[in-house]
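Trainee: This is the structure I have questions about; it appears just below.
The values are calculated or read from the model by the stated rules, or taken from the named source; none is laboratory data. Just so you know, these numbers come straight off a predicted model, no measurement behind them. Counting neighbours? That spans all protein chains shown, and the Cβs are built from the backbone with ideal geometry, glycine included.
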Amino acid sequence: MAEVFFLPVEKAATPRKVMFKLLEELIVEELFAGCNTVAIKIHIGERGNTTYVHPSYVAAVVSWLRERGFDAFVTDTTTLYVGPRSTAISCMEVAAENGFTLESLGAPFIVADGLKGEDGVLYKCEWIKGHVVEIARAFYEADAILVVSHGKGHGMTGFGGAIKNLSMGCVTKATKRYQHSPYRPFLAFPELCTGCGECVKACAQKAVTLVEGKPVFRYEQCISCGGCVVRCPTHALAVPEDAIEEFNRRVGWVAAAVVDAFRKWRKPVAYITVAEQITKLCDCVPKPNEIVARDVGFLASTDPVAVDCASIDLIEEYMYPEYGGFANLNGVDPKLHLREASARGAGELEYVLVKL
Ligand code: SF4
Ligand code: SF4
């Protein structure tokens, strides 16, 4: 059974002490022995978001690595949707605005998937049919990877942590699109459509046009973000009934492919999850986000499934009663994507919690 180290928030001192303690407990120095360049995978947060993992924690990880002779860089990938982080240039601007600078981190922030989010290394695995996973090139070129995640709710996976950070966060746009594609909108109730054009305005991809007062979708441009469905005032649009389940299956499959690739490429990986400022939705939300639980603390493991399962179980203990758990929070089973990942060798659903 996988070990998950847990440092409760009451015992946490400075970010430096927290991160140093976790990295020591994981014996990362031994795990990364023989490695030179370490990629620290984070989520920089959307422009306007305020609840992503604070740069001071990432800076502490950089210090620990640098003091032990590792070369470190901090990294994230571009978004699939058109927005403030959809190219490397804009992504680096948002990173700087959100506090991830060379001065604050002690290491540079670089974008892992190239200028336009298309620079990756193909990795074929038997459990994904009809798509070859494309892993962002910086992870292929690094010697070791430290995945620092924010434990919080997520509108489409129920919970977002290490597995989500691997599946969506470590791949190029092509594989992000593969995961999102089941969430394909269509005009489910033509009789409710008033021809108002709100769906056209909602689509930054320009994938919707009105033809004779009704929406027509260009699916080759659609990135399945769901924006038009949410914006339609009469609820005339919908996505296929099994879209959420299929999306979660794909998230789990891709995460397992990334873990499998890292193993085959002999890249050691460690996972740290910060369970503070726990929000209903993910760090892609471009505004201050609703807090749903008391701060829990910090978790660490070499198993991404186990660290997510432990995070979910712990956070649910600290969640304000009116929210009623992750499944209730966004109407999605938070462990569905974890079970899919686990079934394909990404890690274990059972864990032993080691309280520090
Ligand atoms: S889901 Fe709707 S808003 Fe999003 S890209 Fe597709 S058509 Fe556009
Ligand atoms: S937003 Fe809804 S009601 Fe308005 S045009 Fe689009 S589908 Fe029709």
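Trainee: Filter the range 279-314 down to the residues that are closer than 30 Å to Gly345 by Cβ, at pLDDT below 95 and not acidic (Asp, Glu), then identify the one that is surrounded by the most Cβ atoms within 10 Å (Cβ to Cβ).
Mentor: Cys282
Trainee: So which residues in the range 74-93 are buried (at least 22 other Cβ atoms within 10 Å of the Cβ) and either part of a strand (DSSP E or B) or at pLDDT 95 or above (or both)?
Mentor: Within the range 74-93, Val74, Thr75, Asp76, Thr77, Thr78, Cys91 qualify.
Trainee: For the range 215-260, give me the residue count where each residue is within 11 Å of ligand 1 (Cβ to nearest atom), touching a Pro at 6+ places or on another chain (Cβ under 8 Å) and either assigned to a loop (DSSP other than H, G, I, E, B) or without any contact (Cβ under 8 Å) to a residue 12 or more places away in the chain (or both).
Mentor: Of the residues in that region, 4 qualify.
Trainee: For residues in the range 205-214 being assigned to a loop (DSSP other than H, G, I, E, B) and near ligand 1 (Cβ under 7 Å from one of its atoms), which is farthest from Lys173 (Cα to Cα)?
Mentor: Step by step, filter the range 205-214, then rank; the result is Ala207.
Trainee: Suppose we filter the range 182-204 for residues that are near ligand 1 (Cβ under 10 Å from one of its atoms), in a loop (DSSP other than H, G, I, E, B) and either more than 27 Å from Thr157 (Cβ to Cβ) or out of contact with any Phe, Trp or Tyr (no Cβ under 7 Å at 6 or more places or on another chain) (or both); how many remain?
Mentor: Residues that pass the stated criteria total 1.
Trainee: Across the range 202-228, which residue is farthest from Glu246 (Cα to Cα) among those that are near ligand 2 (Cβ under 10 Å from one of its atoms) and modelled with pLDDT of 95 or more?
Mentor: Checking each candidate, the answer is Gly213.
Trainee: Taking the criterion of being surrounded by 23 or more Cβ atoms within 10 Å (Cβ to Cβ), among the hydrophobic types (A, V, I, L, M, F, W, C) and part of a loop (DSSP other than H, G, I, E, B), would at least one residue in the range 3-10 satisfy it?
Mentor: No: the range 3-10 contains no residue that is surrounded by 23 or more Cβ atoms within 10 Å (Cβ to Cβ), among the hydrophobic types (A, V, I, L, M, F, W, C) and part of a loop (DSSP other than H, G, I, E, B).
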